[in-house]
Amino acid sequence: YGVMMSVPALAEFVKFSRADWREVADLLRARLAAMPRAADNDNSTSYRRTRLLNHAVDALKKADLASEVIPLLEAEADHSRCYVQLVDALIEAGRTEEARQWCRHGYAATADRWWGIAMTLQDRLQGIAGRAGQSEVVAAY
């Protein structure tokens with residue numbers, strides 16, 4: 001865990017190849033898979049899992065493996081509550097209908113306890129509807 005905190009600082013001074021970043025991404029995904037899933041009331045484990053997920057996503061992008069980011073976020077969404085990050089990645093990839101579905105799923109999963117996430121997902125739904133010219137849907141959200 002402590003080693004990961006120094007990776008961003010080290011990466012500023014050393015040029016790593018895509019193969020190096022792929023190896024890092026694979027190691028981080030393996031650590032993520034071995035990490036226990038956080039219970040709803042275990043914010044400490046959830047925080048560590050989310051940080052590890054964010055590092056894995058960053059490593060995948062640096063390894064030029066952006067196509068593997070969305071599947072990882074989909075697998076982690078219900079465990080790490082990374083719904084907003086997943087929705088943003090889907091929108092960026094032009095997968096609007098999937099983004100809409102994940103907004104709804106994430107909203108239902110977070111509205112009772114993690115209101116900030118739910119409200120951000122509602123904002124994303126409004127944005128999707130607005131870009132589609134659906135002003136009546138924007139007003140409904």
Helices (runs of 4 or more DSSP H) fully within the range 23-141 counting 2 or more residues that are in contact (Cβ under 8 Å) with a residue 24 or more places away in the chain and touching a strand residue (DSSP E or B) at 6+ places or on another chain (Cβ under 9 Å): none
Residue match in the range 113-129 (condition: more than 15 Å from the chain's Cα centre (by Cα), open to solvent by 80 Å² or more (accessible area, probe 1.4 Å) and over 17 Å from Ala77 (Cα atoms)): yes
Residue within the range 81-93 that is polar (S, T, N, Q) and farther than 19 Å from Leu52 by Cβ present: no
Those residues of the range 71-102 which are surrounded by 19 or more Cβ atoms within 10 Å (Cβ to Cβ), farther than 15 Å from Arg124 by Cα and among the hydrophobic types (A, V, I, L, M, F, W, C), in sequence order: Leu72, Leu73, Ala77
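The values are calculated or read from the model by the stated rules, or taken from the named source; none is laboratory data. If you're wondering where the values come from, they're calculated on a predicted model, not measured in any experiment. Neighbour counts are summed over all protein chains in view; Cβ atoms, including those assigned to glycine, are modelled from backbone coordinates with ideal geometry. Ligands, DNA and RNA are excluded from the accessible area calculation, which covers all protein heavy atoms including side chains. Shrake-Rupley method; radii C 1.70, N 1.55, O 1.52, S 1.80 Å.
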